[in-house]
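**Student:** Take a look at this one; I'll ask things after.
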Amino acid sequence: MEYQMLVLDLDGTLTNSEKKITPPTKKALIEIQEEGKKVVLASGRPINGVLPLAEELELKKYGSYILSFNGARITRCSDGQLLYNRTLPRDVLKPVYDITCSYPGLDIITYEGPDIISGIACNEYTEKESYINKMPVVHMDDFTGHLTFPVNKLLITGNPAVIEEAMEDLKKRFHKLLNIYRSEPYFLEIMPQNIDKAYSLQKLLSSLGLTADQMICCGDGYNDLSMIEYAGLGVAMENAQPIVKDSADFITRSNDEDGILYVIEKFMKET
C-alpha cells in the first residue's frame, strides 16, 4: 500500500520533550509533501496553538491540513478555509460549568482568538495548557456569560483523581449530548457528540477521494486511540500510553528519538 496521508498528533508525537520538531524530522515532512503526500496535524489544541508548527512545516505551501479541537474543526492551510466545524450546544455550557465548580481545584477553560479563557481559577494544569499553546490565560468572572461566540471545546483541568470523579458525573449527565474523555490524566475534554479525530478524518478523506487504507496515523495519548484504530496503519510512539500501544499496528521510536522520521523512512520514503 502506498500511503498518501500522514496524520500526526503533536505533543509527545511530532514534538520532542522540548516541544520542538527536530531538523531531520522537519526535512522529511517537507520532502513527503513535495512528493504530493499530505500531512495533517491532528491535535486537541486550538487552531492558534497549532499554527506555529503548521508554518514551520510549510503546510500552507503544500496544501496540507490542520485538524484542531480533537476533530471539531478541519482547516485547509492553503487558503484557511474551514472544511468542517462543529460546536457545543449553547444550553450545555452553564450546566457543565456548574458541575465543574462543585469539584475542588478544577478549572474550566475555552479558547477565544489568541487567548485561553479561564472560568474558575487558573491552576498548574491550566498553566501547562498555556505553555503548550503559547497562549495567555485571561480570567473571566462571568465565564458562561462571556461565551457569546461558537465554542468548539471546553477543557477541564485539575488533579487527575478529581478529574476522574468529575468525568463520571459529567458522563452520567451528558452521555447522549456530549463526547467526554481525558486526553491526559489532568485534562478532561468536553466535545460535541460523536466528535473525535477518527470521525473528522473520515470527512477529510472523503473530500479528498482517499481511503483509510492510504493513511498513517501516529499518536501517544488517549485522544489518539480512535484515529490509530481507524487508520490503514496505526502507529504508537514508544512513549505512548499502554492502551495506545496495545491498539497500534506498529510501535515506533519515542518522540525524543525521531520516531516520526523512522515512520517516514520505513513506510513513506520513495525508493
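**Student:** Per residue of the chain, what 222 nm ellipticity follows from adding -39500 (n - 2.57) for every DSSP H run with n ≥ 4, rounded to the nearest 500?
**Tutor:** Values: 11 runs with 97 residues, N = 271.
About -10000 deg cm²/dmol.
**Student:** With each pseudo-label sitting 7 Å past Cα toward Cβ, what's the K269-E229 distance in nm, one decimal?
**Tutor:** Rounded to a tenth, the inter-label distance reads 3.3 nm.
**Student:** What translational D, rounded to a whole number of µm²/s, comes out for region 1-132 from Stokes-Einstein when the hydrodynamic radius is the Kirkwood one over Cα pairs, at 4 °C and 1.567 mPa s? Walk me through the intermediate numbers first.
**Tutor:** Working: Rh = 16.4 Å.
Rounded, D is 79 µm²/s.
**Student:** Using square roots of five times the C-alpha gyration tensor eigenvalues, list the equivalent-ellipsoid semi-axes of region 76-116 in whole Å, biggest first.
**Tutor:** Working: eigenvalues 174, 38, 9 Å².
Equivalent ellipsoid semi-axes, largest first: 29, 14, 7 Å.
**Student:** Describe numerically, in nm with one decimal, the distance between label points set 7 Å from Cα along Cα→Cβ at S102 and at K27.
**Tutor:** 5.7
**Student:** Can you list residues whose amide H is under 5 Å from I117's amide H, if they're 5+ apart or on another chain and H is modeled 1.01 Å from N?
**Tutor:** Here the answer is T110, Y111, E112, V138, since their amide H atoms fall under 5 Å of that of I117.
**Student:** May I ask you to give the solvent-accessible area per residue for the chain, in square angstrom, as obtained with a 1.4 angstrom probe? List each step's numbers first, then the result.
**Tutor:** Working: 11510 Å² over 271 residues.
Result: 42 Å² per residue.
**Student:** I've got another one for you. Normalised by the empirical 2.2 N^0.38 Å for globular proteins, what value does the Cα Rg of region 226-271 take? Intermediate results must be reported in sequence, preceding the final value.
**Tutor:** Numbers: Rg = 10.6 Å, N = 46, 2.2 N^0.38 = 9.4 Å.
Against the empirical 2.2 N^0.38 Å value, I get 1.12 for region 226-271.
**Student:** Could you give the dipole magnitude of region 47-206 about its Cα centre, charging the beta-carbon of Lys and Arg +1 and that of Asp and Glu -1, in debye to the nearest 20? Intermediate values should be presented prior to the final figure.
**Tutor:** On the way: 17 positive and 21 negative charges, 161 e Å.
Its charge dipole is roughly 780 debye.
**Student:** Further, regarding this structure: Counting every Cα pair in the chain, what percent are over 23 Å apart? Provide the component values of the computation, followed by the final result.
**Tutor:** On the way: 18210 of 36585 pairs.
Taking all Cα-Cα pairs of the chain, the fraction more than 23 Å apart is 50 percent.
**Student:** In the chain, carbon and sulfur make up what percent of the accessible area (probe 1.4 Å)?
**Tutor:** Numbers: 5510 of 11510 Å².
So the carbon and sulfur contribution to the accessible surface is 48 percent.
**Student:** Here is a follow-up. Return the Cα extents of region 1-49 along principal axes one, two and three, sorted largest first, each rounded to a whole Å.
**Tutor:** Principal extents (largest minus smallest coordinate, Cα): 30, 22, 20 Å.
**Student:** With the Cα gyration tensor of region 118-271 in hand, give its eigenvalues times 5 under a square root as the equivalent ellipsoid semi-axes, listed largest first in whole angstrom. Write down the numbers at each step before the final one.
**Tutor:** Values: eigenvalues 198, 70, 49 Å².
Each semi-axis is the square root of five times an eigenvalue, giving 31, 19, 16 Å.
**Student:** Just the accessible area for K27, please: 1.4 Å probe, Å², rounded to the nearest 10?
**Tutor:** Roughly 120 Å² of K27 is accessible to a 1.4 Å probe.
**Student:** While we're looking at this one, here's another question. Give me the compactness ratio for region 93-208, meaning the Cα radius of gyration over 2.2 N^0.38 Å.
**Tutor:** On the way: Rg = 14.3 Å, N = 116, 2.2 N^0.38 = 13.4 Å.
It is 1.07.
**Student:** While we're here: Counting pairs on different chains as well as pairs 8 or more places apart, how many Lys pairs in region 152-271 have Cα atoms under 28 Å apart?
**Tutor:** Pairs that pass both the separation and distance tests number 20.
**Student:** Please compute the modelled spin-label separation between D249 and K176, points set 7 Å along Cα→Cβ, answer in nm with one decimal.
**Tutor:** 3.7
**Student:** In whole Å, how far is the Cα centre of region 30-97 from that of region 112-176?
**Tutor:** First find each Cα centre; the distance between them is then 20 Å.
**Student:** Can you give the FRET efficiency for K19 and D91, using 1/(1 + (r/R0)^6), R0 = 51 Å, r = Cβ-Cβ distance, to the nearest 0.05?
**Tutor:** On the way: r = 37 Å, r/R0 = 0.72.
The pair K19/D91 has a calculated efficiency of 0.90.
**Student:** Once the other residues with Cβ under 12 Å from the Cβ of V138 are scored (Lys, Arg +1; Asp, Glu -1), what is the net sum? Present the calculation step by step, with values, prior to reporting the outcome.
**Tutor:** Working: positive: none; negative: E112, D115, D141.
In short, -3.
The values are calculated or read from the model by the stated rules, or taken from the named source; none is laboratory data. None of these values were measured; they are calculated from a predicted model. Here the Cβ is made from the backbone with ideal geometry for all residues, glycine too, and neighbour counts use every protein chain on show. Surface accessibility is based on the protein's heavy atoms, side chains included, excluding ligands, DNA and RNA. Shrake-Rupley method; radii C 1.70, N 1.55, O 1.52, S 1.80 Å.
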